[in-house]
1. Quick check on this structure: which one of 30, 80 is among the hydroxyl-bearing types (Ser, Thr, Tyr) and modelled with pLDDT of 95 or more?
2. Quick check: anything in region 56-72 exposed (fewer than 14 other Cβ atoms within 10 Å of the Cβ) and aromatic (Phe, Trp, Tyr)?
3. Please verify whether region 3-12 includes one or more residues that are more than 26 Å from residue 83 (Cα to Cα) and out of contact with any His (no Cβ under 6 Å at 6 or more places or on another chain).
4. Is it true that residue 51 is more than 14 Å from the chain's Cα centre (by Cα), surrounded by 12 or more Cβ atoms within 10 Å (Cβ to Cβ) and hydroxyl-bearing (Ser, Thr, Tyr)?
5. Return only the number of the condition from (1) loosely packed, with under 15 Cβ neighbours inside 10 Å; (2) touching a strand residue (DSSP E or B) at 6+ places or on another chain (Cβ under 7 Å); (3) modelled with pLDDT under 90 that residue 4 does not satisfy.
Amino acid sequence: MQIGKLIADFLAIVKLKDGTELILHVDFQTKNDPDMPKRMLRYLYVIISRYNLPVKQVVIYLGKEELRMSNRIEMRADGTLCMRMR
């Protein structure tokens, strides 16, 4: 699936034991990307809009450098975004 200049590495519809379906989105990352949470948010919006199913997103980091990417995005009360590690 292509989203603007973004191309999802892996998407699959997964059926759970209870019959629930969801989209599994896996992104393989080889470099620290300070905007990774925003990128995943863009993917999330398009995937939900297209498939109307719950989405589970996973980033698998394969880089040689120490992992420094934020894994969380929050919107503050003033509307600004805050990215941080858990």
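1. On inspection, the qualifying residue turns out to be 30.
2. No; the residues of region 56-72 include none that is exposed (fewer than 14 other Cβ atoms within 10 Å of the Cβ) and aromatic (Phe, Trp, Tyr).
3. yes
4. So residue 51 fits the description; yes.
5. Here residue 4 meets the rest and fails (2).
The values are calculated or read from the model by the stated rules, or taken from the named source; none is laboratory data. Computed from a prediction, not measured in an experiment: that's the story for all the values here. Reconstructed Cβ throughout: ideal geometry from the backbone, glycine too, with neighbour counts over all protein chains shown.
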